[in-house]
Structures are given as C-alpha cells and as structure tokens.
Amino acid sequence: MTRPSFTIGIEEEYQTIDPVTRDLRSHIDAEIIAKGKMQLKEAVKAEMHQSVVEVGTGICANIQQAHEEVRHLRASIITLARQNGLRLAAAGTHPFADWRKQEIYPDERYYTIVEDMKTVARANLIFGLHVHIGVEDRETAIHLNAARYFVPHMLALSANSPFWVGMDMGLKSYRCKVFDKFPRTNIPDYFPSWGEYQSFVDLLVSTNCIDNAKKIWWDIRPHPTFTTLEFRCCDIPMRLDETIALAALIQATVAKLYKLHEANQGFRLYRRALIMENKWRAARYGLDGKLIDFGRRIEVPMRDLVEEYLAFVDDVLDELGSREAIAGIRRIVENGNGADRQLRVFKETGDLTKVVDYIIEETESSVFTNAGVGR
C-alpha cells in the first residue's frame, strides 16, 4: 500500500457580473477566456454557461502553495474582468439572474450535454468549489470513500446560495438542489474495492449511459484521469480564506481516514440514505441546523459537530502544516457562512443588487487585503 501524497488541487467557478445591472453577463465578447489563457495557460477554462469562468491550480504540495496559487488566480481573473468592463463574484448561485437568458459556451461538449439533458442542463447555472487530494493508489482511494460521511459537514460550512431567480429559497445551499437534477450526483454508494467500482463504470459505458467516468458527478469521486479523490460538494465561498480553510479541512479528512485505514481501524460506514438525510439538513439549515449522529442516534447542533470534526482531524494537522489554514473554519462558524451573510445584507437592505455588491466586495477584498470575514 503506497502512502498517498495528499497533494492539493483547487478548482473555483466564478460569476462574471455587469457592474451596472449587477446581473450576470456573458464574457465571450470581452474575451476573458482567451486573454486568461494567454496569461494563465491551462489554469483557466470556459464552463457551459458564458457567464461562468473556471480556474484551477496546479498540483500543490501543501496548503500554503495552494493558497498562493488560488490568490494569484483570483487576482488575475478579477483584474481581467475589470479591464473588460465586468466584475467577478464568488457565490454558489447569482441572487437574481434568470438561467433562461444565459448563453451556452460554443463548444461541442456543452452542446452535447444540453442536447442530452435539455432544460436540466440549461438551468444548471451554479458555481462550485472542487478540491482534489492526491491518493495515488486506486484501491486506497476507494477505501477512503468513508469521507462520504463528512460531505454534509463540508456543505454546511460552504453554503453560499440562498437565492435563486430573485427569490429567497429558504435553503442555505440551493446550488446543490439545482445540481441534483443531473443524473449520477449526490452521495455515492460504498464500493468495497476498485474492481467493483470499475465494473460499475464499465456497465454504464457498455449500456450507453455515459461515454466515460467524467459523467459521474458525485459529491466525492475518484477522478477518472487524475490520481486524486475529488470533492465536489461545496458551494464556492466568497472569500479566499474560506476556500483555503475548506481545502485544508478536506485534505485533513483524507489524511486522517488514511491514518485509520493504515492502522486497520477504519471508519464506520453508513448507508447512503442516512448520509443523504444529513445532506438535506445541511442544505436547508447550514450552520444553524442539527445533523444526526448515527452512532449515538441523536441530533447534534451543527456548530457542535464542527468542533467534534476539528478534534477528529487535529492529530494530522501539524504533519500537513495546515493548522493555521484550518483555523479559518472556526471563523466561518463565528461569522456565518456565505449564505448567512448574504441573507443579513438582504435583511438590512431589501435589495438583491446590494447583495451582489456585497459578494463582489468580499470576493475582491479577500484577495487584495488581509481583512477578516465581513458582516
């Protein structure tokens, strides 16, 4: 059994905003993607909707390197957007944009997805954070899917999408409810071996459900081409420090579960249906709700569970060098996740354009200053 590298890769999806209307605006005319590729090479790519820009780091040896890369990518795209008459915003959904008015990026892959899934694909106007952790041995990667248990916790901390098409949806993460209309999403089943997972993929390919494993969009998956475990469950946070804290928590989770696996201790595996109960609670209530502790068969306030979670991973933080970065998790709990803060601004102003202004301000200030989390 080869010890994983626990390297980090981070992908973020940003909104391109019209500074006058505060609505989403397609960036194709501004050629942000083309100019971004000239500056940042493969770190920038288009997404299906033209008002989405995705960036991705390289393979980072530790959380400090990941922090610097994400800061550089955010700063570069914010600057490019401004130069082209746009602003950049980081939130899981836009507060009032109408997906029906958004243009699809001119790429055969995206046209194929829209043709296959129709309105479900067109309505998928959402923005996520994906974190890759290096686990080179495929058999080990499958055993580490015990990390499924913590997906609701990660979602509650990252929740940053309370609004959809101008409405307060009553959920802290509406993004995940938009995305779960896609097939092959949400919490995966448990697979006891890589061979069983591969047989599952082969069956889907041979029956024309998918053409490759990239069309499996679970909240956590072994990446089809990279030797990583990819976590896809988080809304994109507004702030750089929130992204880094979440990435550090995800890395620590994988490292801790590997430490247990290496010692033949493992982590108790729960049914997908039970974890989905917690995911619903996380999406609905965020940090203000309670999740179920299945072992004790009781409900526990999410804020208390965050402390238990941090205690669980504490013994791997020094080896990973991530203790300082992961302290940002407690700041999220103290100040509220992105959804809490968006809702606060809306309650104060009654104006969704002011919410957009706040998202832009948080997205930019967290890159260019060391200011703490806002109101």
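The values are calculated or read from the model by the stated rules, or taken from the named source; none is laboratory data. Model, not experiment: these values are computed from the prediction. Note: ideal-geometry Cβ built from the backbone for every residue, glycine included; neighbour counts use all protein chains shown. Please note that ligands, DNA and RNA were not included when accessible areas were found on the heavy atoms of the full protein model with its side chains. Shrake-Rupley method; radii C 1.70, N 1.55, O 1.52, S 1.80 Å.
Please indicate, with yes or no, whether at least one residue in the range 92-105 is more than 21 Å from Pro162 (Cα to Cα), out of contact with any strand residue (DSSP E or B) (no Cβ under 8 Å at 6 or more places or on another chain) and in a loop (DSSP other than H, G, I, E, B). Let's see the steps before the verdict.
Restricting attention to the range 92-105, the residues satisfying the condition of being more than 21 Å from Pro162 (Cα to Cα) are 103-105.
Of the ones still in play, those that are also out of contact with any strand residue (DSSP E or B) (no Cβ under 8 Å at 6 or more places or on another chain) are none.
Within the range 92-105 (the criterion being more than 21 Å from Pro162 (Cα to Cα), out of contact with any strand residue (DSSP E or B) (no Cβ under 8 Å at 6 or more places or on another chain) and in a loop (DSSP other than H, G, I, E, B)), the answer is no, since none of the residues qualifies.
Just to be sure, is Ile113 in contact with a Pro (Cβ under 9 Å, 6 or more places away or on another chain) and outside any loop (DSSP other than H, G, I, E, B)?
The answer is no for Ile113.
Surrounded by fewer than 22 Cβ atoms within 10 Å (Cβ to Cβ), of a type in the set (Lys, Arg) and in contact with a strand residue (DSSP E or B) (Cβ under 9 Å, 6 or more places away or on another chain): does that describe Arg122?
Against the criterion (surrounded by fewer than 22 Cβ atoms within 10 Å (Cβ to Cβ), of a type in the set (Lys, Arg) and in contact with a strand residue (DSSP E or B) (Cβ under 9 Å, 6 or more places away or on another chain)), Arg122 qualifies.
Here are some residues: Asn160, Asn145. Which one is open to solvent by less than 50 Å² (accessible area, probe 1.4 Å), polar (S, T, N, Q) and at pLDDT 95 or above?
Of the residues listed, the single one that is open to solvent by less than 50 Å² (accessible area, probe 1.4 Å), polar (S, T, N, Q) and at pLDDT 95 or above is Asn160.
Give the residues of the range 112-151 that are within 28 Å of Lys259 (Cβ to Cβ) and of a type in the set (Val, Ile, Thr), sorted by residue number.
Once the filter is applied, which keeps residues that are within 28 Å of Lys259 (Cβ to Cβ) and of a type in the set (Val, Ile, Thr), the range 112-151 yields Val131, Ile133, Val135, Thr140, Ile142, Val151.
Can you give me the number of residues within the range 191-218 that are outside any helix (DSSP H, G or I), hydrophobic (A, V, I, L, M, F, W, C) and under 24 Å from the mean Cα position of the chain (by Cα)?
Number of matching residues: 5.
With part of a loop (DSSP other than H, G, I, E, B) and basic (Lys, Arg) as the only criterion, which of Arg221, Arg232, Arg148, Arg184 stands out?
Result of the check over Arg221, Arg232, Arg148, Arg184: Arg184.
Could you say whether any residue in the range 11-27 is over 30 Å from Leu260 (Cα atoms), modelled with pLDDT of 70 or more, in contact with a helix residue (DSSP H, G or I) (Cβ under 9 Å, 6 or more places away or on another chain) and part of a helix (DSSP H, G or I)?
No, there is no match, as no residue in the range 11-27 is over 30 Å from Leu260 (Cα atoms), modelled with pLDDT of 70 or more, in contact with a helix residue (DSSP H, G or I) (Cβ under 9 Å, 6 or more places away or on another chain) and part of a helix (DSSP H, G or I).
When the residues of the range 348-359 are filtered to those that are open to solvent by 10 Å² or more (accessible area, probe 1.4 Å), touching a residue at least 60 places away in the same chain (Cβ under 8 Å) and in contact with a helix residue (DSSP H, G or I) (Cβ under 9 Å, 6 or more places away or on another chain), which remaining residue is farthest from Thr253 (Cα to Cα)?
Filtering first and then ranking leaves Leu352.
When you look at Val306, is it within 20 Å of Ile244 (Cα to Cα), at pLDDT 95 or above and touching a Leu at 6+ places or on another chain (Cβ under 8 Å), yes or no?
Answer is yes for this residue.
Residues in the range 234-264 that are open to solvent by 10 Å² or more (accessible area, probe 1.4 Å) and within 14 Å of Ile332 (Cα to Cα): how many?
Matching residues across the range 234-264 total 1.
Among the residues of the range 206-215, is any touching a helix residue (DSSP H, G or I) at 6+ places or on another chain (Cβ under 6 Å), buried (at least 19 other Cβ atoms within 10 Å of the Cβ) and either in contact (Cβ under 8 Å) with a residue 40 or more places away in the chain or aromatic (Phe, Trp, Tyr) (or both)?
Looking through the range 206-215, none of the residues is touching a helix residue (DSSP H, G or I) at 6+ places or on another chain (Cβ under 6 Å), buried (at least 19 other Cβ atoms within 10 Å of the Cβ) and either in contact (Cβ under 8 Å) with a residue 40 or more places away in the chain or aromatic (Phe, Trp, Tyr) (or both).
Which residues, counting only those in the range 63-87, are open to solvent by less than 20 Å² (accessible area, probe 1.4 Å) and outside any helix (DSSP H, G or I)?
Residue satisfying the conditions is Leu86 alone.
Is it the case, given these coordinates, that Arg184 is on the phi > 0 side of the Ramachandran plot, open to solvent by 10 Å² or more (accessible area, probe 1.4 Å) and in contact with a helix residue (DSSP H, G or I) (Cβ under 8 Å, 6 or more places away or on another chain)?
On the way: on the phi > 0 side of the Ramachandran plot: yes; open to solvent by 10 Å² or more (accessible area, probe 1.4 Å): yes; in contact with a helix residue (DSSP H, G or I) (Cβ under 8 Å, 6 or more places away or on another chain): yes.
Against the criterion (on the phi > 0 side of the Ramachandran plot, open to solvent by 10 Å² or more (accessible area, probe 1.4 Å) and in contact with a helix residue (DSSP H, G or I) (Cβ under 8 Å, 6 or more places away or on another chain)), Arg184 qualifies.
Which of the residues that make up the range 187-205 are exposed (fewer than 12 other Cβ atoms within 10 Å of the Cβ) and at pLDDT below 95?
Once the filter is applied, which keeps residues that are exposed (fewer than 12 other Cβ atoms within 10 Å of the Cβ) and at pLDDT below 95, the range 187-205 yields only Pro192.
Return the pair list, or none, for Cβ contacts closer than 6 Å from residues in the range 163-174 that are open to solvent by 40 Å² or more (accessible area, probe 1.4 Å) to residues that are in a loop (DSSP other than H, G, I, E, B) and acidic (Asp, Glu), at least 6 apart or on different chains.
Sorted first by the residue in the range 163-174, then by its partner, the pairs are Val165/Asp98.
Can you pull out the residues in the range 46-72 that are aliphatic (A, V, I, L, M) and at pLDDT 95 or above?
Passing the criteria: Ile59, Ala61, Ile63, Ala66, Val70.
Say we look at the range 311-347 and pick out the residues that are farther than 14 Å from Asp241 by Cβ and among the acidic types (Asp, Glu); which of these is surrounded by the fewest Cβ atoms within 10 Å (Cβ to Cβ)?
Asp318
Quick one: which residue in Phe267, Phe226, Phe231 is aromatic (Phe, Trp, Tyr) and open to solvent by less than 10 Å² (accessible area, probe 1.4 Å)?
Numbers: Phe267 fails: open to solvent by less than 10 Å² (accessible area, probe 1.4 Å); Phe226 fails: open to solvent by less than 10 Å² (accessible area, probe 1.4 Å).
Answer to the selection: Phe231.
May I ask you to say which residue of Val345, Val316 is touching a Phe, Trp or Tyr at 6+ places or on another chain (Cβ under 7 Å) and at pLDDT 95 or above?
Just one listed residue meets the conditions, Val345.
If you go through the range 155-177 one residue at a time, how many are farther than 17 Å from Val131 by Cα and in a loop (DSSP other than H, G, I, E, B)?
The qualifying residues number 8.
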